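Taken together, the values in this text are just the output of simple stated rules run on the coordinates, not laboratory data. As the structure is a computational prediction, the values presented were derived from the model and not from experiment. Here Cβ is always computed from backbone atoms with ideal geometry, including for glycine, and neighbour counts include all displayed protein chains.
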Amino acid sequence: MVKEYRCKNGVRIVEERMPTTRAVAIGIWVRAGSRYETPAENGITHFIEHMLFKGTATRSAKDIAEIFDLVGGDLNAFTARDNTCYHATVLDEHAELAIDVLADMFFNSTFDEVAIEKEKQVIYEEMAMDDDTPDEFVADHFWRALFPEQAMGAPILGTKETLATFTKQMIRAYMAAHYLPENIVVSIAGNSSAKLIALIEEKFGTFTAQAKSITSEVPRMVPTTLTLTKDVEQAQLMIAYPSLPRSAKNSACLTVLDTIIGGITSSRLFQQVREERGLAYTIYSYSSTYYDSGVWTVYCATQHHQLAEVMRVIEDVLQDIATNGVTEDEVARAKMHLQGSFVLNLESAEAHMQRNGEIYLNHLPHYDVDEVLLRLKGITTEQVNEVAKAMLTQLPSVAKMVKNKG
């Protein structure tokens with residue numbers, strides 16, 4: 001059972017007590033992501049995520065790392081387009097220590113100038129790593145083309161040019177504008193206690209907003225065709241369609257459809273492209289969903305001389321589904337897969353923490369496991385085909401990366 005507590009300042013605490021585990025997973029979720037940045041700020045959300053690990057007034061970066069290493073815990077964070085999460089998983093006996101350190105990082109980071117310049121070098125390396133990873137390289141450029149001159153299309157890491165300009169003053173100004181009580185959810189899952197909740201309220205329930213919450217415009221996806229060249233062994237292909245937001249009532253139908261088309265190894269694309277024709281090792285589809293928008297994407301990597309054939313096979317599969325729909329048997333199999341994978345993926349306290357954090361941060365309805373399974377069971381073939389027709393009859397966007405000539 002999930003309980004929600006609201007602190008006096010507006011911070012929400014979400015607790016799912018799991019007495020059968022010794023673990024406690026803690027996530028500090030913030031509605032701050034790259035889509036909320038100005039062009040000059042591009043990448044600062046991700047940079048702040050890094051800098052919160054670099055020392056407070058009473059703890060050095062090494063102190064923070066040693067605390068979690070000593071107790072066998074895990075401390076990490078990630079930045080997305082619409083949120084940031086700082087999370088830790090520890091034994092129940094160390095949960096109060098984890099909250100104390102996370103709160104110290106969150107409120108008392110010093111943003112030392114030397115550490116700032118050093119961390120810029122780390123992120124330059126992260127950028128170089130992404131540039132050397134073909135699928136990351138294509139996706140980054142594809143999103144820029146899909147959402148031109150919009151924050152949604154800007155790279156989460158920022159650019160070398162914007163990163164070089166970040167200062168302590170910019171960091172504090174951005175946090176003052178976005179790290180507001182109403183933008184924060186503290187998600188707890190595992191063998192928690194009333195004492196732990198009280199400590200979270202003490203640490204996070206008293207600070208006040210220094211600004212009004214900033215909203216983000218609804219992204220406008222622009223149909224595009226993009227061709228990139230790079231010295232790569234395999235051609236890279238991405239095909240994207242506008243799809244449903246997280247808040248859509250029929251968003252689960254899209255999940256079923258994605259499973260059928262390219263989400264699993266028995267999907268149409270995997271079977272047609274890899275198993276029947278041997279044209280690729282990697283082919284799959286996935287949804288990128290946000291509270292107000294969504295993008296559904298097919299990705300494939302293949303040898304350069306096979307790219308045209310791969311594109312033809314994918315187009316044939318998608319057009320067949322748009323015209324003729326999926327079958328009752330495919331929907332039944334996809335629903336059974338999703339029911340099993342949903343339950344299996346919730347076997348850890350961290351998985352429950354993440355699920356609850358995302359749901360409550362985005363003000364979505366929370367359904368327990370049995371309710372989710374019942375809702376999946378109730379999805380019909382007609383509903384899935386309605387979503388398929390609405391999505392796949394739109395003009396797709398295509399990004400290709402091929403080898404440099406010569």
Helix axis angle, 61-70 relative to the chain longest principal axis, alpha carbon, degrees
80
Expected 222 nm ellipticity per residue - DSSP helices of 4 or more, -39500 (n - 2.57), all of the chain, to 500:
-13000 deg cm²/dmol
Relative contact order for the chain: what percent, with Cα pairs under 8 Å and sequence separation of 6 or more?
23
If you fit an axis through the alpha-carbon atoms of helix 328-344 and take the longest principal axis of the Cα set of the chain, what angle between them do you get, 0 to 90°, nearest 10?
20
Could you give the nm distance between label points at Ala194 and Glu136, where each point is 7 Å from its Cα heading toward the beta carbon?
4.7
Whole-number D in µm² s⁻¹ for the range 315-374, Kirkwood Cα-pair radius fed into Stokes-Einstein, 37 °C, 0.692 mPa s
236
Thr265 versus Leu226: modelled label distance in nm, points set 7 Å from Cα along the beta carbon direction:
3.1
Among trypsin sites (Lys or Arg not before Pro) in the range 187-265, those in a DSSP loop whose Cβ has at most 11 other Cβ atoms within 10 Å are Lys212, Lys249
Output the Kirkwood hydrodynamic radius of the range 225-402, Cα pairs only, in Å rounded to one decimal.
17.3
Taking Cys7, Cys253 and counting other beta carbon atoms within 10 angstrom, the fewest-first order is Cys7, Cys253
Ratio of the range 160-296's C-alpha Rg to 2.2 N^0.38 Å, to two decimals?
1.55
In bins 20 Å wide, starting from 0, what share of all Cα pairs of the chain does each bin hold, as a percent?
24, 55, 21, 0
Could you give the nm distance between label points at Glu309 and Val71, where each point is 7 Å from its Cα heading toward the beta carbon?
5.7
Please order Phe207, Phe142 by the number of other Cβ within 10 Å, starting at the fewest.
Phe207, Phe142
Counted neighbours (other Cβ, 10 Å), sorted fewest up, put Arg81, Arg172 in the order Arg172, Arg81
Violating pairs (Cα-Cα greater than 24 angstrom) within the set Lys54/Lys160; Lys168/Lys195; Lys8/Lys195; Lys62/Lys160; Lys62/Lys212; Lys118/Lys400:
Lys168/Lys195; Lys62/Lys160; Lys62/Lys212; Lys118/Lys400
Computed over the range 145-237, the relative contact order (Cα-Cα under 8 Å, seq sep at least six) in percent reads 50
